[in-house]
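Asks: This is the structure I have questions about; it appears just below.
Just so you know, all these numbers are worked out from the coordinates, no wet-lab data involved. A quick note: this is a predicted structure, and the numbers were derived from the prediction, not measured. Cβ placement follows ideal geometry from the backbone for every residue including glycine, while neighbour counts extend to all protein chains displayed.
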Amino acid sequence: MRWNVLLGLSGIVFIYLILGGVCFHFLESGHEEETRRVSREYMQQFLDEKQCVTAEELKELISFAIEVYDSGVQPANTTTPPVWDIFSSVFFSVTVITTIGYGNLSPTTKRGRIFFVLYATFGIPLCLIFLAGLGDRLTVRIEIMSSKKVFFFFFFFLN
């Protein structure tokens, strides 16, 4: 693969990652904000209305807290940064197409999960093609450097 083709492909991969991150951000951040708002309102209402808590009310509160926790939101701590900010979303996009799968961030909405499947279906092959082309170009450069033993010596032993 020629350098100009590889450069164009790297631009396509970069744009694909940014667009994927923006899409994940907009698909998931609204749900996250709504969950935070509802959980704060619920907790405030619970505290306002309940002077003495019954077993059934406590079970209801616990099940709601588990539901909120499973969605990745910590409602009691309002200083917690959003899970689906733009940088986290782009990072998630990188882990999807490189198949690294780092962290515990994953889409929770149905639209986000559908987009995830489509994004990975096209992104993983795109990333593999890019990495194969990059590997080809680097192999050529290493072969050229190894044929010039003086440069090879200075490159590896003086750095």
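Asks: Enter the angle in degrees (range 0 to 90, nearest 10) between the Cα long axis of helix 86-97 and the first principal axis of the Cα atoms of the chain, meaning the one along which they spread out most.
Replies: Once rounded, one gets 60 degrees.
Asks: Right, something else. Given springs between every Cα pair under 10 Å in a Gaussian network model of the chain, which of LEU61, LEU131, LEU19 has the largest fluctuation?
Replies: Evaluated over the chain, the most mobile residue of the options is LEU61.
Asks: Follow-up. What residue among ILE18, ILE97, ILE114 shows peak mean-square fluctuation when the chain is described by a Gaussian network model with Cα springs under 10 Å?
Replies: Highest fluctuation of the listed residues: ILE114.
Asks: Where does the charge balance sit around HIS25 when Lys and Arg score +1, Asp and Glu -1, over other residues with C-beta under 14 Å from its C-beta? Don't skip to the end; give the middle numbers.
Replies: On the way: positive: ARG111; negative: GLU28, GLU32, GLU33, ASP85.
Spelling it out: positives minus negatives among the neighbours equals -3.
Asks: Beyond 20 Å, how much of the Cα-Cα pair distribution for segment 39-135 remains, as a whole percent?
Replies: Here the long-distance tail beyond 20 Å is 55 percent of all Cα pairs in segment 39-135.
Asks: Determine, from the Cβ-Cβ distance of GLU56 and LYS110 and an R0 of 30 Å, the FRET efficiency 1/(1 + (r/R0)^6), rounded to the nearest 0.05.
Replies: Calculated value: 0.45.
Asks: Among the trypsin sites (Lys or Arg not before Pro) within segment 1-69, which fall in a DSSP loop and have no more than 16 other Cβ atoms within 10 Å of their own Cβ?
Replies: On the way: sites: ARG2, ARG36, ARG37, ARG40, LYS50, LYS59; in loops: ARG2, LYS50.
The qualifying sites are ARG2, LYS50.
Asks: Within segment 1-109, which chymotrypsin sites (Phe, Trp or Tyr not before Pro) sit in a loop by DSSP and count at most 14 neighbouring Cβ atoms inside 10 Å? Let's see the in-between values first.
Replies: Values: sites: TRP3, PHE14, TYR16, PHE24, PHE26, TYR42, PHE46, PHE64, TYR69, TRP84, PHE87, PHE91, PHE92, TYR102; in loops: TRP84, TYR102.
Sites meeting the loop and neighbour criteria: TYR102.
Asks: What's the angle, to the nearest 10 degrees (0 to 90), between helix 110-147's Cα axis and the longest principal axis of the chain?
Replies: Computed tilt is about 20 degrees.
Asks: Okay, next question. For every other residue with a beta carbon closer than 15 angstrom to the beta carbon of GLY133, add +1 if it is Lys or Arg and -1 if Asp or Glu, then tell me the sum.
Replies: Values: positive: ARG2, ARG137, ARG141; negative: ASP136.
Computed value for this residue: +2.
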